[in-house]
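Heads up: the structure comes next, in structure tokens.
Values in this text are rule-based calculations from the coordinates and carry no lab data. Since the model is a prediction, treat every value here as computed from it, not as a measurement. We place every Cβ from the backbone using ideal geometry, glycine too, and count neighbours over all the protein chains shown.
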Amino acid sequence: MIEAAFRGRLGGFMLDAAFAVPGQGITALFGPSGCGKTTVLRAIAGLLRMPEGRLRINGDIWQERRRFVPPHRRAVGYVFQEASLFPHLSVEANLRFGLRRSGTTRIGMEEVVDLLGIAPLFDRPSRMLSGGERQRVAIGRALLSQPGLLLMDEPLSALDRFSKDEILPYLERLHAALSIPVLYVSHDIAEVERLADTLVLMEQGRVRAAGPIPDLLADPALPLLHMPQPAVVIDGKVVRTDPGYGLSEIAVPGGVLVVAGGLGPVGEGRRVRIPANDVSLGRTPPRDTTILNALPARIEGADPAGHQMTVRLRLGSDGRGAALLARISRKSWDRLALAEGELVFARLKAVALSGSARVPALTRVD
Ligand SMILES: Nc1ncnc2c1ncn2[C@@H]1O[C@H](COP(=O)(O)OP(=O)(O)OP(=O)(O)O)[C@@H](O)[C@H]1O
């Protein structure tokens, strides 16, 4: 468990942020520019001492009343927006610099090099790396310092789209292979939807909500559902693959989804992303359609969005499955006389796998 509470004033900015999140997986600190995400990360690293603060990381107290563990005694790895490598040193020497800082070895050089695909870069001076490559080395160096907690402050924001897409699968691999909890600052919801297990939503120095990302994306009291392009993410497992058609079946709470790709061992974890604009609703099961996914679901409620409605649903005829959103026209809502509690068939035009394999938390290896 990671329990954090910080309160205090920095110039004209008031921070009053408290959250408790699982001590494993990736927790995203998400919110608009200036809401205090970096300040919280700095307070967790001990680089900033808030007048009132309480911080407990998986049982270890790092700050409480007069107790304040200094930054060098906190087992954190910190990855910044721009990798601060030694430009004249080789990748290997930069990585060894991380290794030297610590006595115990939880993660070794070989594992880091393998996980982050660093082998081909090993002998290069770090000034000759691309932005994405530099960031991979910076992440490797942070991991080699044997952190009990990895802090990442917008690690992809200085990269172009191409480099971002190149590095995201590596972050997903880390997520799958390591048990080190990660606090990940971002203001890019696409990144957060892809990587995070838990979301801490910040607004003006405060925590508006904290919880599993699938729940927060579909919560009508929060701004995420009211964004122009809302979406849900659902975590499931491969139950069948059909290599001939390049399809896999993913069991999710309340149904089974057919998705393109995602072929892999049965039982492996997968996350899917379903944009609300790609979901339509009908009262009867569809026939003669090219749509592969049409699942029974119950309407939980609906919120007007201009001339449209954002309909909140739960998969399964009992309405107890995963949360789903549908953006439909108000006219369709009225024409079908839809209402809370009704059973409908959700037709999902697009179900995209979000990233690569996700290993369920319980089978993660240490
Ligand atoms: N040492 C300081 N003294 C005064 N004000 C500060 C200090 N540190 C941060 N602030 C202010 O606190 C606010 C929050 O800053 P912070 O960098 O934590 O936001 P953020 O959510 O990470 O933003 P961004 O996404 O733009 O990086 C800002 O208004 C910033 O100017």
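If the chain linking ASP123 and ALA352 were pulled fully straight, counting 0.36 nm for each residue of separation and taking away their Cα-Cα distance, it would gain 78.6 nm. Look at the dipole of the chain built from charges on Cβ: of SER248, PHE68, ALA177, the Cα furthest out on the positive end belongs to PHE68. Subtracting the Cα-Cα distance of GLU340 and THR284 from 0.36 nm times their residue separation leaves 18.5 nm of extension gain. Evaluated with a Cβ-only charge set (Lys, Arg +1; Asp, Glu -1), the chain carries a dipole of roughly 740 debye about its Cα centre, given to the nearest 20. Of the peptides 108-120, 305-317, the order by per-residue mean of other Cβ atoms within 10 Å, starting with the highest, comes out as 305-317, 108-120. Taking only the Cα atoms of the chain, the radius of gyration and Dmax are 22.2, 69 Å. Neighbours of LEU216 by Cβ distance under 11 Å: Lys/Arg scored +1, Asp/Glu scored -1, total -2.
Mean projected area of the Cα convex hull of segment 2-217, taken over all directions, amounts to 11.6 nm².
Think of the chain as a dipole: +1 on every Lys or Arg Cβ, -1 on every Asp or Glu Cβ, centred on the Cα centre; then among LEU216, ALA142, PHE19, PHE19 lies furthest on the positive end. Placing +1 on each Lys and Arg Cβ and -1 on each Asp and Glu Cβ, with no other charges, gives segment 2-217 a dipole about its Cα centre of roughly 1060 debye. Projected onto their three principal axes, the Cα atoms of segment 231-353 cover extents of 43, 28, 24 Å, largest first. Between PHE97 and ARG73, the distance separating the two model label sites (each 7 Å from Cα on the Cα→Cβ line) works out to 2.6 nm. In this calculation the C-beta distance from ARG49 to ARG161 is compared with R0 = 56 Å, giving a FRET efficiency of 0.90. A dipole drawn for the chain from +1 and -1 charges on Cβ atoms has a positive end, and of GLY262, ALA305, LEU10 the residue lying farthest that way is LEU10. Distance from the Cα centre of segment 69-143 to that of segment 243-318, in angstrom? About 40 Å separates the Cα centre of segment 69-143 from the one of segment 243-318.
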